[in-house]
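Asks: Quick one: the structure is below, and I'll ask about it shortly.
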């Protein structure tokens, strides 16, 4: 419990900053919505001028872009990207920061098992993400009710928003795995940005073509158009995500417990 | 009773040297010195004892329990001071010590104050603002606050000024009298000499010897230095028991172990102007060990 509280306190500042940043992005984008919805017809014309491939790359879906949820889906792509970076940062730093700041000697000579250390750290990172999402959801709900021009399904809004949380969990798990595998990470940001953007671009280019390609990028596990149409998530992708999370975390525990902690 | 039993402990790091076949015991209530030059394998041995790294083969028992299998249980009674102290930079000293104490399930706040006073440590400062010596003090308090039965100190004196070093040694002696066993690694022999009962000497990953400090010193080693008018050839002292022979002009110096009469007779034959016969300090014996092995 003491490690958990210590870790949570260590993440407090970054959690607050990330939460506020995410909220600012929603606020900024959604404030454009009313004027944007007014000029829908003209905007559609412009967008139609773009080849379909480009529209897909940008994540623009002309069918629903001008409904409030369609518009929100569009900006959710960026929100999720930011959220993924936050989660990846958390995951990557969990173990690596002890090595980089050379505090592993302190922590691991205390009467605790490495499993307990990992669990406490993992839980603290998880709770940080949960807190981020609670505040984000609350703020985004308030914002969307302020700018709405017509009725919309609040349930669908929540379902869309939760996809960020799921993607974050995926990146958290992947981040932890990377941090136990690499012996020393000099800069968390470099590793996490590189990984997140690699997956992001992989996702962009897997929008065209076969369905199977979507499994390559966590960003494509949740298709907003599908959610809007079916009021549900795609089961196979949920399963794939869960499998990746479980495997990464199990492997991380396994490696971390067996690993030699070298001085400096 | 043995507090530490190290049994054929081996740790390989790929190509780099680790430790090979280290075997020695530390008895309860001892202050045990663990000496060797940098890179000899002192830290590797200590980190293995603490199961920060895992042995390639062999094992170690602490309080009679396997050091890997029962690591968390063993560590309740261990205080560890690493050679380089690093703690969470943005914490205050007091918060760090409280965090450290929170692992031991007993109230240490009184003890923290006590130790901080002895070591003259400001508890309100941020870790980040502390000098190397002050960080070391935090390390010392952190290692002692839960009154462990076994203290493992890895080159603990680096960064401490002589006054603090003195206080630290006094603290160690008090802990030792209260019953704590101490494993003290160092490459500075004089500090081991003052404090320890026995020493293990390690070199290039292998144990050279385990000796009582008193035996090491007494062992009939005498340090001879002779000022003579007659010319001395290298061969003049070519007798058993003479080591580290040095002839510099008319000054001859060497270490001697054996029947002292033999060497005195030899010297009596010479025309000498001055003579010094001293107990060698550990450093010289130590170097002697190293040369013998090399």
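Asks: Inspect the stretch A:113-120 for any residue being within 14 Å of chain B (Cβ to nearest Cβ), assigned to a helix (DSSP H, G or I) and in contact with a strand residue (DSSP E or B) (Cβ under 9 Å, 6 or more places away or on another chain) and give the result as yes or no.
Replies: There is no residue in the stretch A:113-120 that is within 14 Å of chain B (Cβ to nearest Cβ), assigned to a helix (DSSP H, G or I) and in contact with a strand residue (DSSP E or B) (Cβ under 9 Å, 6 or more places away or on another chain).
Asks: Another question, then. Across the stretch B:175-192, which residue is surrounded by the fewest Cβ atoms within 10 Å (Cβ to Cβ) among those that are modelled with pLDDT of 85 or more and in a helix (DSSP H, G or I)?
Replies: Among those that are modelled with pLDDT of 85 or more and in a helix (DSSP H, G or I), it is B:177.
Asks: Need the failing condition index for residue A:189 against (1) away from chain B (no Cβ under 14 Å); (2) touching a helix residue (DSSP H, G or I) at 6+ places or on another chain (Cβ under 6 Å), just the number.
Replies: Single failed check for residue A:189: (2).
Asks: On the basis of being surrounded by fewer than 13 Cβ atoms within 10 Å (Cβ to Cβ), away from chain B (no Cβ under 14 Å) and at pLDDT below 90, does residue A:208 make the cut?
Replies: So residue A:208 passes the test.
Asks: Considering only the stretch B:81-92, I want to know if a residue exists there that is over 16 Å from residue B:147 (Cβ atoms), within 12 Å of another protein chain (Cβ to nearest Cβ) and part of a helix (DSSP H, G or I).
Replies: no
Residues are listed down the side, and each one gets a yes or a no for (1) within 14 Å of another protein chain (Cβ to nearest Cβ); (2) crowded, with 22+ Cβ neighbours inside 10 Å; (3) over 13 Å from the mean Cα position of the chain (by Cα); (4) in a loop (DSSP other than H, G, I, E, B):
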residue: B:135; (1), (2), (3), (4): yes, no, yes, no
residue: B:140; (1), (2), (3), (4): yes, yes, yes, no
residue: B:143; (1), (2), (3), (4): yes, yes, yes, no
residue: B:152; (1), (2), (3), (4): yes, yes, no, no
residue: B:160; (1), (2), (3), (4): no, no, yes, yes
residue: B:164; (1), (2), (3), (4): no, no, yes, no
residue: B:169; (1), (2), (3), (4): no, no, no, no
residue: B:194; (1), (2), (3), (4): no, no, no, no
residue: B:210; (1), (2), (3), (4): no, no, no, no
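Asks: Please work out which residue is farthest from residue A:237 (Cα to Cα), limiting yourself to the stretch A:209-227 and to residues that are touching a residue at least 40 places away in the same chain (Cβ under 8 Å) and assigned to a loop (DSSP other than H, G, I, E, B).
Replies: A:222
Asks: For the structure I just gave you, tell me whether residue B:255 is free of Cβ contacts under 8 Å to residues at least 40 places away in the same chain, touching a helix residue (DSSP H, G or I) at 6+ places or on another chain (Cβ under 6 Å) and not assigned by TED's automatic domain parsing to the domain that holds residue B:145.
Replies: It is false that residue B:255 is free of Cβ contacts under 8 Å to residues at least 40 places away in the same chain, touching a helix residue (DSSP H, G or I) at 6+ places or on another chain (Cβ under 6 Å) and not assigned by TED's automatic domain parsing to the domain that holds residue B:145.
Asks: Of the conditions (1) in contact with a helix residue (DSSP H, G or I) (Cβ under 6 Å, 6 or more places away or on another chain); (2) more than 10 Å from chain A (Cβ to nearest Cβ), residue B:27 satisfies every one except a single condition; which number is it?
Replies: So residue B:27 meets the others, but not (1).
Asks: Taking residue B:13 as meeting all but one of (1) surrounded by fewer than 17 Cβ atoms within 10 Å (Cβ to Cβ); (2) within 11 Å of chain A (Cβ to nearest Cβ); (3) under 24 Å from residue A:1 (Cα atoms), write down the number of the exception.
Replies: Going through (1) surrounded by fewer than 17 Cβ atoms within 10 Å (Cβ to Cβ); (2) within 11 Å of chain A (Cβ to nearest Cβ); (3) under 24 Å from residue A:1 (Cα atoms) one by one, residue B:13 breaks only (3).
Asks: Still on this structure: If I ask for residues that are at the interface with chain B (Cβ under 7 Å from one of its Cβ atoms) and either at pLDDT 85 or above or within 19 Å of residue A:254 (Cα to Cα) (or both), which ones from the stretch A:81-102 would you list?
Replies: Passing the criteria: none in range.
Asks: Does the stretch B:51-79 hold any residues that are touching a residue at least 40 places away in the same chain (Cβ under 8 Å) and under 17 Å from residue A:98 (Cα atoms), and which are they?
Replies: Result: B:53, single match.
Let's see how each residue does on (1) out of contact with any helix residue (DSSP H, G or I) (no Cβ under 6 Å at 6 or more places or on another chain); (2) assigned to a loop (DSSP other than H, G, I, E, B); (3) more than 12 Å from chain A (Cβ to nearest Cβ):
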{"residue": "B:37", "(1), (2), (3)": "yes, yes, yes"}
{"residue": "B:40", "(1), (2), (3)": "yes, yes, yes"}
{"residue": "B:43", "(1), (2), (3)": "yes, no, no"}
{"residue": "B:48", "(1), (2), (3)": "yes, no, no"}
{"residue": "B:53", "(1), (2), (3)": "no, yes, no"}
{"residue": "B:58", "(1), (2), (3)": "yes, no, yes"}
{"residue": "B:74", "(1), (2), (3)": "yes, no, no"}
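Asks: Looking at B:83, B:109, can you tell me which residue is assigned by TED's automatic domain parsing to the domain that holds residue B:172, under 29 Å from residue B:45 (Cα atoms) and in contact with a helix residue (DSSP H, G or I) (Cβ under 9 Å, 6 or more places away or on another chain)?
Replies: B:83
The values are calculated or read from the model by the stated rules, or taken from the named source; none is laboratory data. Keep in mind that this is a model prediction, so the values were computed, not measured. A quick note on method: Cβ atoms are made from the backbone with ideal geometry, for glycine too, and the neighbour counts reach across all protein chains shown.
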